[in-house]
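Visitor: One structure, pasted below without further comment.
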Amino acid sequence: MGAPLLQGFRSVRGHEAAIGLLRRAIAHQRLASAYLFAGPLGVGKDRVAHALAQAMNCTARTADDDACGECSNCRRIASGQFVDLLVVKREFRDSVSARDRESTDADEKKLRQEIVVEQIDVIMQRVAFRPHEGGTRWIIIREADRLHPNAANKLLKTLEEPPAETHFVLLSHRPSALLPTIRSRCQ
């Protein structure tokens, strides 16, 4: 059985301290342009990042600075259909067949070793424009410690001067593998 449908921070187990910090940042309108969520694999970093995107794009935010979980934006973020939420992750190797790509279990052998510069190029093209659906755009980079050095350097340029209303959340279980300059740009 999978995780229950995401309905803001209240649907995330644990992470009370981190969520408290994020809620205070939302309440005081002091969100950072880049966050680094570090922790063991499977601890819920991705879920917290998505809940944050929901809270910031919810059309009926609750009194405690959480997403309603019911509005169109919240539902589309939870289902991965929100245009202003971009998720970057390792892609399939070129040699993987179309049938294997459709399989739900992403075998490690089928994935590239790194997030490549072309993937970051696509993101940079998208962030050149204002958010379309929501008030803010969120880019979640899963396994950010797997950025190819060229991809990391390209991302660094954008982290240094982020576009308005665009926020990055880098997820990593090995933050020491990230460039020190990238870590220094993140909260």
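The values are calculated or read from the model by the stated rules, or taken from the named source; none is laboratory data. Because the structure is predicted, anything quoted here is derived from the model rather than measured. With ideal geometry, Cβ positions are generated from the backbone for all residues, glycine too; neighbour counts draw on all protein chains shown. Only protein heavy atoms, including side chains, enter the accessible area calculation; ligands, DNA and RNA are left aside. Shrake-Rupley method; radii C 1.70, N 1.55, O 1.52, S 1.80 Å.
Visitor: Go over the candidates LEU36, LEU52 one by one and state the one that is in contact (Cβ under 8 Å) with a residue 24 or more places away in the chain, of a type in the set (A, V, I, L, M, F, W, C), open to solvent by 20 Å² or more (accessible area, probe 1.4 Å) and within 16 Å of VAL87 (Cα to Cα). Can you show your working first?
Guide: Values: LEU52 fails: open to solvent by 20 Å² or more (accessible area, probe 1.4 Å).
The match here is LEU36.
Visitor: What are the residue pairs meeting all of these: first residue in the stretch 71-92, first residue within 28 Å of HIS148 (Cβ to Cβ) and in a helix (DSSP H, G or I), second residue open to solvent by 40 Å² or more (accessible area, probe 1.4 Å) and of a type outside the set (Lys, Arg), Cβ atoms under 8 Å, and 6 or more apart or on different chains?
Guide: Matching pairs, first to second residue: none at all.
Visitor: I'm checking my understanding of the structure. Among residues of the stretch 122-142 that are open to solvent by 50 Å² or more (accessible area, probe 1.4 Å) and of a type in the set (D, E, K, R), which one is nearest to the chain's Cα centre (by Cα)?
Guide: Among those that are open to solvent by 50 Å² or more (accessible area, probe 1.4 Å) and of a type in the set (D, E, K, R), it is ARG142.
Visitor: I would also like to ask the following. In this structure, does SER79 turn out to be surrounded by fewer than 19 Cβ atoms within 10 Å (Cβ to Cβ) and at pLDDT 95 or above? Even if it seems obvious, please write down each step before you answer.
Guide: Working: surrounded by fewer than 19 Cβ atoms within 10 Å (Cβ to Cβ): yes; at pLDDT 95 or above: no.
The answer is no for SER79.
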